[in-house]
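Engineer: Please see the structure below; I have some questions.
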Amino acid sequence: MKRSDLRVFMIATAFAVAITFSLPARAQDASGLYKSRCAMCHGADGSKLDAHNLQTSDVQKMSDADLSGVITNGKGKMPASHGLKPEDVKGLVDYVRTLKK
Ligand code: HEC
């Protein structure tokens, strides 16, 4: 192998490793975020607040945009979640969808 070939090979390997590690990490991120930012009020399964049970159709029928709005801006006694990236908010919306019963 020529020196330049070796460099290309190493860069390609570094990319492959980075992609392999970043994909599953991103999928897990929202559940970690939910645990650290939401579960203390809503419970791990979303059912802790009786009147605002995230599993119920009242919440599940909300649009993605409405859910993103509540998560980003808060609502009533729920505080706004600061410092979330757009993909974090999207991940949390997807996560709330997984709580449906
Ligand atoms: C400090 C406690 C608290 C935290 C933290 C919190 N929530 Fe809430 N959440 C509430 C309360 C209280 C309501 C009801 C707000 C209202 O309608 O007055 C609510 C409402 C909601 C609703 C709308 C449900 C409805 O019935 O209107 C959604 C969706 C929701 N929360 C998701 C989340 C997510 C996702 C997170 C994490 C990013 C989160 N919440 C963090 C307390 C909290």
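The values are calculated or read from the model by the stated rules, or taken from the named source; none is laboratory data. Nothing here was measured: the structure is a model prediction, and the numbers come from that model. Quick reminder, even Gly has a Cβ in these numbers, built from the backbone with ideal geometry, and neighbours come from all protein chains shown. Calculation scope for accessible area: heavy atoms of the full protein, side chains included, ligands and nucleic acids excluded. Shrake-Rupley method; radii C 1.70, N 1.55, O 1.52, S 1.80 Å.
Engineer: Could you check which residue among 85, 35, 77 shows the biggest mean-square fluctuation in a GNM of the chain with a 10 Å Cα cutoff?
Structural biologist: Comparing 85, 35, 77 in the GNM, the peak value goes to 77.
Engineer: Points 7 angstrom from Cα along the Cβ direction at residue 63 and residue 45: gap in nanometres?
Structural biologist: 3.1
Engineer: Continuing with the same structure: Along the Cα→Cβ direction, 7 angstrom out, place labels at residue 56 and residue 6. What is the inter-label distance in nm?
Structural biologist: Label-label distance for residue 56 and residue 6, simple model: 6.6 nm.
Engineer: Still on this structure, please answer the following. Going through the cross-link list 61/100; 35/85; 48/90; 48/101, which pairs have a Cα-Cα distance over 20 Å in this structure?
Structural biologist: From 61/100; 35/85; 48/90; 48/101, over 20 Å: 48/90.
Engineer: How large is the charge dipole for the chain, taken about the Cα centre, if only the Cβ atoms of Lys, Arg (+1) and Asp, Glu (-1) carry charge, to the nearest 20 debye?
Structural biologist: 260
Engineer: Could you give log10 I(q)/I(0) at q = 0.19, 0.27 Å⁻¹ for segment 29-98, computed by the Debye formula over C-alpha point scatterers of equal weight, without solvent?
Structural biologist: Per q value, in the given order, log10 I(q)/I(0) is -0.69, -1.60.
Engineer: With unit charges on the beta carbon (Lys/Arg positive, Asp/Glu negative), name the residue among 59, 30, 70 whose Cα is farthest towards the positive pole of the charge dipole of segment 29-98.
Structural biologist: The listed residue farthest towards the positive side: 70.
Engineer: Still on this structure: With the dipole of the chain worked out from charges on the C-beta (+1 for Lys and Arg, -1 for Asp and Glu) around the Cα centre, which of 43, 16, 80 lies farthest toward the positive end?
Structural biologist: 16
Engineer: Still on this structure, please answer the following. What accessible area per residue, rounded to a whole number of Å², is obtained for the chain using a probe radius of 1.4 Å?
Structural biologist: Solvent-accessible surface per residue comes out at 73 Å².
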